[in-house]
Amino acid sequence: MNANTRDLYFGYDRREVVRFLPASCQRVLEIGCGEGQFSKYIRSSQEYWAIEPNLESSRIAAQRIPRVLCGTFDSCRAHLPDGHFDLVICNDVIEHMPDHASFLDQIRLKMNRGAFLVGSVPNVRYITNLFDLLIRRDWPYTDCGVLDRTHLRFFTERSLRRSLEEHGFVIEALVGINSVIRRPKTLMDIARTASALGVIAATLGHAGDVRFFQFGFRARLD
């Protein structure tokens, strides 16, 4: 993994997810916290726990977050109190889970009634991915992006919504984020934008989701 990819994975602050945060929270758990940059947006919490499997990043995160466990969620979950957290953050995490359905069941046990699950997942219908699949007839795994080689699960807006609802979450917000149409216009971005607009126009807006790199969400445990 080169330095730029590492920065994207562990050092990015994910400010585009801030708008999905609830107005207040007291006991926070962030899964896959990277270097802990997102924690600066959590102002009201009394407790902040985090899990990060990368050792170097977990050590950096520990300078920002009071309690950082180094490991995967499965390896660390026994150390987390049950029925405790009122906010769980999963920024581009669920797609890395070997069994996302099991994860949603297990994380419920760590949340109190009315707690929030906030995060994001990559959009498998993103225009670049569709181009590779439909035009190039390819499915190229890469070091980062929708087809990151460490992704074990893939989601559309509909499948993400279904997964959350089937596991007892009430969706309060689920929308596309990081639209290619709004990104700085490099030559590659211009090509992606033109392709996305063409698909959207051809489907009379039905495929509007292809312009989004990810979906952000806030779901409440009912």
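Relative to its residue count, the chain spans a Cα convex hull of 126 Å³ per residue. Note on segment 1-103: Rg/Rh from Cα positions, Kirkwood definition for Rh, rounded to two decimals, is 0.94. Backbone amide hydrogens, once placed in the peptide plane, bring MET111 within less than 5 Å of GLY83, HIS84, PHE85, excluding anything fewer than 5 places away on its chain.
Placing unit charges on the Cβ atoms of the charged side chains and taking the dipole of the chain about its Cα centre, the candidate lying farthest along the positive direction among SER179, GLY216, MET111 is SER179. Subtracting the Cα-Cα distance of GLN26 and ASP138 from their residue separation scaled by 0.36 nm leaves 35.7 nm. The H on the amide N of ASN123, modeled in the peptide plane, is under 5 Å from the matching H of GLN214, PHE215, each at least 5 residues off or on a different chain.
Under the convention that each Lys and Arg Cβ holds +1 and each Asp and Glu Cβ holds -1, the size of the dipole of segment 69-121 around its Cα centre is about 200 debye. Protection proxy ranking of 118-124, 82-88, 99-105, by the mean of other Cβ atoms within 10 Å over each peptide's residues and highest first, is 118-124, 82-88, 99-105. Most tightly packed first, judged by the mean number of other beta-carbon atoms within 10 Å of their residues, the peptides 165-173, 108-116, 208-216 read 208-216, 108-116, 165-173.
Averaging the Cα positions of each part gives two centres, and for segment 66-82 and segment 135-184 these lie 25 Å apart. List the residues of segment 144-174 whose backbone N lies under 18 Å from a point placed 7 Å from the Cα of SER75 along the Cα-to-Cβ direction. So the set is 150-152. Among beta bridges identified by DSSP and lying wholly in the chain, the antiparallel ones come to about 45 percent.
Taken as entire DSSP H runs, the helices of the chain that both span 20 Å or more between Cα atoms along their own long axis and average -1.0 or more on the Kyte-Doolittle scale are 187-202. Only one residue of THR72, VAL93, ALA23 has its Cα farthest out toward the positive end of the dipole of segment 6-97, where Lys and Arg carry +1 and Asp and Glu -1 on Cβ, and that residue is ALA23.
Values quoted throughout were computed directly from the atomic coordinates according to the rules given, and no laboratory measurement underlies them. Worth saying up front: this structure is predicted, and the values here are computed from it rather than measured. Neighbour counts run over all protein chains shown; Cβ positions are idealised from the backbone, glycine included.
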